[in-house]
C-alpha cells in the first residue's frame with residue numbers, strides 16, 4: 001500500500017506529482033501535513049477514532065517491524081482482517097518496505113485462506129483474534145502471525161462472544177508489537193500496492209498483480225479512478241470540499257480497497273461500518289453528514305426493502321456523490337434509488353484487472369436506462385463476437401477494454417491465464433454485453449454465469465431482476481443446474497421477506513408474464529437466508545456447486 005509524503009497543494013502540478021501514489025489498488029497513507037483541507041481526516045469505527053496523522057505514525061512503526069522480520073521489496077503481507085484500523089496500518093506499512101498487501105476474504109475456510117497465503121508467499125499474517133483458529137490452521141509453519149484484538153463494534157455486529165475473541169498464547173499482539181519499534185523514515189521505495197485475489201468462480205482464485213506504471217500512466221489511472229469515486233475536484237485542489245464517507249464494503253474486494261485508499265489520500269473522514277445494515281447506513285449518513293458513498297446494487301435492494309416510514313425519517317441531504325459498481329443493477333432498482341436520493345447516483349464498470357473503465361452519471365442513465373455508461377477518456381471498448389470480430393451495435397458479445405495509457409498486470413504465478421484474458425491487445429474478464437448506437441455499454445451477464453440450455457444462451461441477471469420486482473421477495477439467485485435433456489436448466493433460489501408467503505407457482509406465474517417461457521426456471525426453491533459476503537453480495541457458487549457435485553460434472 002502506498003504512502004504519500006509530498007504536501008498536497010492546489011493545482012494540477014501536485015496532482016501529477018502524486019498520481020503514481022494514488023493509482024495503486026490499495027490503501028493510501030498521507031503524512032500529518034498532507035491533508036487536502038482545513039480539518040484532518042479520521043478513521044471512525046464505533047466509538048473509536050484514529051486521526052490520519054496517527055495512522056501515518058503507526059504505519060511507520062509497522063514498516064519498521066516488518067523490516068525487522070525480513071520483509072522487503074516484492075514480499076507479501078496477508079491481511080486476514082475485517083475493515084479495521086489495523087488493515088490500513090499494516091497495508092500502508094507493508095508498502096513502505098516495498099511489500100504487497102494481500103487481503104484475504106475472512107469468510108474463507110482454513111483451506112481457502114491457506115491457499116492464498118501460500119500462493120502469495122506471504123511473509124506474515126495479520127489477523128483479528130476471532131479468526132485466529134482459522135489462521136493458525138491456514139498459515140505455513142514459520143510464518144509469523146500477528147493478532148489484532150477484535151474490536152467491540154465488530155464483535156457485536158457478528159454476535160461474537162468474548163471467548164471467541166480471546167488472544168491465543170504465544171501469538172504476537174499487533175499493537176504491542178508495532179509500538180515496540182521506532183517510526184521508519186520515508187525512503188525512495190515504490191510501494192507495489194495490493195495483490196487482490198479474484199473470486200475463483202471457476203477454479204482457484206488468482207491474485208491480480210499490477211506492474212508499476214510510468215508517470216504518464218499513473219496520471220491517467222488517477223484521473224480515471226478519481227472521477228469514478230467523485231474525488232477528482234478534491235485531488236486537483238479545485239475546492240476545499242470535505243469528504244465524509246462510509247466504507248460499506250469489505251476491503252478484501254478491490255473496489256472498497258481502492259476506495260478506502262483514495263479516501264485516506266484526500267483527507268476524508270472515513271466511517272467503517274462493521275457490517276452492512278441498511279437502516280444503520282441511513283443513521284450514519286444523517287449523523288455524520290456523509291457526502292460520498294461507494295456501494296453495490298445489493299445494498300440498494302436492501303435499502304428499498306425498508307418500510308417507507310423508515311426510509312423517509314432520515315435526512316440524507318448531505319449526499320453529493322454516490323457511486324455503485326461490482327454487479328449489474330436492475331433498472332427499476334436504480335430508478336427508485338434516483339427518485340429517493342436524487343441525481344447523485346453514479347455508476348462505473350470495471351474489474352480488478354482493468355480499473356474503472358466505463359462511467360455513467362444519473363442523468364446519462366436516465367436517458368439510457370440500464371446502461372453502465374460510456375468508455376472513460378483514454379479507454380478503448382470493443383464488443384467482440386466469438387470469431388474476434390467487432391460486434392455491431394445492439395449485438396451481445398464479449399466485453400473487451402483497455403486503458404490505452406495505463407499500466408499492465410499479470411496473475412500472480414500464472415502468466416498463461418493473463419495471456420488468455422487478452423485479445424487484440426484488449427482485456428476481458430468474462431462479461432457479456434453490447435453497446436447501443438450512442439456508445440453506451442449494457443451488460444447481459446458474466447460468461448461463467450451464462451446458462452446454455454438446449455443450445456440457447458440465457459442470462460440469469462435478467463431473470464433475477466424480474467424476480468426482485470415481485471412483492472414479498474427479499475433477494476434471489478438464478479443459476480444453471482444439470483439437465484439430462486438440455487444440458488443445463490435454470491434454478492432459482494428465492495429469499496422471501498419475513499412473514500411473506502411466496503410459492504413456486506407464484507414465481508413461475510409472475511415470470512411467465514414478463515419473460516419468454518424458456519427463461520422461467522425449471523426449479524424454484526426457497527431459503528430463509530442466502531449465503532452472502534460481507535458486502536451483501538450472494539455467494540452464488542455455494543448454491544450452485546452442490547447440484548453439479550451430485551451430477552459428477554461441472555458443465
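The values are calculated or read from the model by the stated rules, or taken from the named source; none is laboratory data. Owing to the predicted nature of the structure, the values given are computational and were not obtained by experimental measurement. So basically every Cβ, Gly included, is an ideal-geometry build from the backbone, and we count neighbours across all protein chains shown.
Observations
- Any hit, segment 243-250, residues being crowded, with 20+ Cβ neighbours inside 10 Å, assigned to a strand (DSSP E or B), more than 15 Å from the chain's Cα centre (by Cα) and outside the structural domain of residue 347 (by TED's automatic domain parsing): yes
- For segment 327-352, a residue qualifies if it is within 14 Å of the chain's Cα centre (by Cα), at pLDDT 95 or above and surrounded by fewer than 23 Cβ atoms within 10 Å (Cβ to Cβ), but none of them does.
- Selection within segment 109-122 - closer than 11 Å to residue 78 by Cβ and either surrounded by fewer than 23 Cβ atoms within 10 Å (Cβ to Cβ) or touching a helix residue (DSSP H, G or I) at 6+ places or on another chain (Cβ under 7 Å) (or both): 113, 114, 117, 118, 119, 120, 121
- The condition of being closer than 29 Å to residue 54 by Cα and outside any loop (DSSP other than H, G, I, E, B) holds for only one of 147, 163, that being 147.
Let's see how each residue does on (1) under 30 Å from residue 194 (Cα atoms); (2) in contact with a helix residue (DSSP H, G or I) (Cβ under 7 Å, 6 or more places away or on another chain); (3) assigned by TED's automatic domain parsing to the domain that holds residue 328:
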residue: 388; (1), (2), (3): no, no, yes
residue: 392; (1), (2), (3): no, no, yes
residue: 411; (1), (2), (3): yes, yes, yes
residue: 425; (1), (2), (3): yes, no, yes
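- Some residue of segment 273-283 being in contact with a strand residue (DSSP E or B) (Cβ under 6 Å, 6 or more places away or on another chain) and either buried (at least 22 other Cβ atoms within 10 Å of the Cβ) or farther than 26 Å from residue 409 by Cβ (or both): yes
- Lone qualifier among 524, 520, 473 - being within 26 Å of the chain's Cα centre (by Cα) and surrounded by 14 or more Cβ atoms within 10 Å (Cβ to Cβ): 473
- Here segment 32-51 is the region considered, the condition is being surrounded by 18 or more Cβ atoms within 10 Å (Cβ to Cβ) and modelled with pLDDT under 95, and the residue that is farthest from residue 131 (Cα to Cα) is 36.
- Filtering segment 177-190 for residues that are touching a strand residue (DSSP E or B) at 6+ places or on another chain (Cβ under 7 Å) and over 25 Å from residue 55 (Cα atoms) leaves an empty set.
- Hey, residue 370 surrounded by fewer than 22 Cβ atoms within 10 Å (Cβ to Cβ) and in contact with a strand residue (DSSP E or B) (Cβ under 6 Å, 6 or more places away or on another chain) or not: yes
- Among the residues listed as 494, 502, the single one being part of a loop (DSSP other than H, G, I, E, B), buried (at least 19 other Cβ atoms within 10 Å of the Cβ) and outside the structural domain of residue 302 (by TED's automatic domain parsing): 502
- Residue match in segment 467-484 (condition: out of contact with any strand residue (DSSP E or B) (no Cβ under 7 Å at 6 or more places or on another chain), touching a residue at least 40 places away in the same chain (Cβ under 8 Å) and on the phi > 0 side of the Ramachandran plot): no
- Single match in 61, 82 (criterion: assigned to a loop (DSSP other than H, G, I, E, B), at pLDDT 95 or above and at negative phi): 82
- Residue check: residue 70 meets all listed conditions (1) free of Cβ contacts under 8 Å to residues at least 60 places away in the same chain; (2) surrounded by 24 or more Cβ atoms within 10 Å (Cβ to Cβ); (3) over 18 Å from the mean Cα position of the chain (by Cα) but one, namely (2).
- Among the residues of segment 388-412, those identified as touching a residue at least 40 places away in the same chain (Cβ under 8 Å), assigned to a loop (DSSP other than H, G, I, E, B) and within 25 Å of residue 457 (Cβ to Cβ) are 391, 393, 394, 396.
So that you can scan it fast, the table gives a plain yes or no per residue for (1) surrounded by fewer than 16 Cβ atoms within 10 Å (Cβ to Cβ); (2) in a loop (DSSP other than H, G, I, E, B):
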| position | (1), (2) |
| --- | --- |
| 437 | yes, yes |
| 449 | no, yes |
| 469 | yes, yes |
| 477 | no, no |
| 481 | no, no |
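- The single condition among (1) exposed (fewer than 13 other Cβ atoms within 10 Å of the Cβ); (2) in the same structural domain as residue 302 (by TED's automatic domain parsing) that residue 512 does not meet is (2).
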